[in-house]
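Written out below as C-alpha cells is the structure these notes cover.
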Amino acid sequence: MHIVHTESSQGWGGQEIRILSESEGMRARGHRVTVAAPASARVHQEARRRGIETADLPLARKRVRAVVALRRWLAANAVDVINTHSSTDSWLAALACSTLRDAPPIVRTRHVSVPIANDAGTRWLYTRATRHIVTTGETLRRRLIEDNRFPPDRVTSVPTGIEAGRFAPADRAGARARTGLPPERTLIGIVATLRSWKGHRYLVDAFARLAGERLGLVIVGGGPQHEAIASQVARLGLGDRVVLAGDQADVLPWLQALDVFALPSYANEGVPQALVQAMLCGLACVTTDVGAIPEAARDGETALVVPAQDAAALAAALARLAADPALRQRLGRAARAHCVRQFGYEAMLDRMDAVFRDATAQRQPA
C-alpha cells in the first residue's frame, strides 16, 4: 500500500513520534509511506532525517488554498489510504477527498482524550468523510462510542507500541555516567514535552515538599512551559536539586538513569508513550488516572496512581517510593511485564496494517 500520514501540527510530542515510528515500521514491511506536512513542521524535518518520504503541503491552517494544494497532490499521486492525525489536517483531507473521483479512504487517528463535538459538521467528518477511527486507548474508544454514538465497528483502539527489546532495564550507574547525572542521589524524573497539561508545575511543587539533599529531580523535554517551569524552580530555591535537561534525541539513557518516574498529567492523554517507555525500563512510576493512562497504570500493581492536580498526594507517593527500594523493584517488574504484553511495537503495526487493509478493501468511487 501507499500510506500517507497528514499532520498539521507544528509541535513535537508523542503524537508526532508515533507517526514516525509507525511509518518506519510500515516501510520495513514493504509499504510505501509519505508524511505530508508543512516543511516548517518538526515532524516533516524529522521524517526527512530518517529517510521517510515527505510532501511539503500547507496544512497548518484551514484555508481554501490548503484544500486545493492537497487535492492537487492527491490527484497527482497514487494513494491507497490517508491517515490523518490532527483536527486541521483531518478537515482538509476530508474536503479534498470529497471532491476527488476515486478518493482514497481516510483513517482518523485520535491521540488525545479531548471530547468531540456532536454537531452536524463534526458527525459528517467522523462518520461520512472518514472510513475508520483509531484511538490510542480503549478508554478513548469507549467514549467515542458512548458519548458520540459512533458505530463500534468503525472505531478501533491501537495503543502506541514500544520496542521492549530496546526500552529495557540497564545499569543505572552507567546511564548516569553517560548523562552526567549525579551518581549518589535518588532521582525522580519526567520525560515529556513541557505543556501545561502534563502537570510539570505540580511535580515541581510536590518535589519542593520532599526534604533531603539525596533526592534529585530530572526534567527531560522542551516546550512552551519551559520559562514558567524554570522560574518556578528558581522561585522555590530548587536549582541545585533540579536538572532541566531540555530536549534529548535519545531519552533511553535518561530513563535508565532514574529511580522513579512521574507523569502527573491532568488532561488529554491516551496511553502516554513516555510512561510505557519508563515502565518497560523497569521504573516504578507515579501517575494519574487521566484518559487511557489506567490501561498501563494500575494502582498498587504496576504503578502508584494519585489524583490529578494534587501536589500533596503526588509528594506522598514520591516519598513512599523514594524510601522503599523493594516497592520500587516490585512495581517496576510488574510494570515491565504488563507493558510487554499490552504495548508491543509489532502488535501496533499488525493492528494498523489490518485497519488500513480493511479501509482500502471498502474503497468506492466518490
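The values are calculated or read from the model by the stated rules, or taken from the named source; none is laboratory data. Values in this document were obtained by computation on a predicted structure and should not be read as measured data. Note that each Cβ is placed from the backbone with ideal geometry, even for glycine, and that neighbours are counted across all protein chains shown.
Observations on the structure shown:
- Criterion (surrounded by 15 or more Cβ atoms within 10 Å (Cβ to Cβ), touching a residue at least 60 places away in the same chain (Cβ under 8 Å) and more than 20 Å from residue 285 (Cβ to Cβ)) met by exactly one of 158, 191: 158
- Hits in the range 316-357 - residues which are surrounded by fewer than 16 Cβ atoms within 10 Å (Cβ to Cβ) and closer than 30 Å to residue 102 by Cα: 350, 354, 357
- Within the range 63-94, restricting attention to residues that are polar (S, T, N, Q) and part of a helix (DSSP H, G or I), the residue that is nearest to the chain's Cα centre (by Cα) is 87.
- Any chance residue 291 is touching a His at 6+ places or on another chain (Cβ under 8 Å), of a type outside the set (Ser, Thr, Tyr) and buried (at least 20 other Cβ atoms within 10 Å of the Cβ): no
- Residue in the range 34-46 that is among the β-branched types (Val, Ile, Thr) and surrounded by 22 or more Cβ atoms within 10 Å (Cβ to Cβ) present: yes
- Residues that are basic (Lys, Arg) and either under 21 Å from the mean Cα position of the chain (by Cα) or at pLDDT below 95 (or both), drawn from the range 19-62: 27, 42, 48, 49, 50
- Of everything in the range 47-62 that is in a strand (DSSP E or B) and free of Cβ contacts under 8 Å to residues at least 40 places away in the same chain, the residue that is surrounded by the most Cβ atoms within 10 Å (Cβ to Cβ) is 54.
So that you can scan it fast, the table gives a plain yes or no per residue for (1) on the phi > 0 side of the Ramachandran plot; (2) assigned to a strand (DSSP E or B); (3) touching a Lys or Arg at 6+ places or on another chain (Cβ under 8 Å); (4) at pLDDT 95 or above:
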{"residue": "255", "(1), (2), (3), (4)": "no, no, no, yes"}
{"residue": "266", "(1), (2), (3), (4)": "no, no, no, yes"}
{"residue": "274", "(1), (2), (3), (4)": "no, no, no, yes"}
{"residue": "277", "(1), (2), (3), (4)": "no, no, no, yes"}
{"residue": "285", "(1), (2), (3), (4)": "no, yes, no, yes"}
{"residue": "304", "(1), (2), (3), (4)": "no, yes, yes, yes"}
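- Selection status of residue 218, of a type outside the set (Ser, Thr, Tyr), within 21 Å of the chain's Cα centre (by Cα), crowded, with 22+ Cβ neighbours inside 10 Å and within 28 Å of residue 109 (Cβ to Cβ): no
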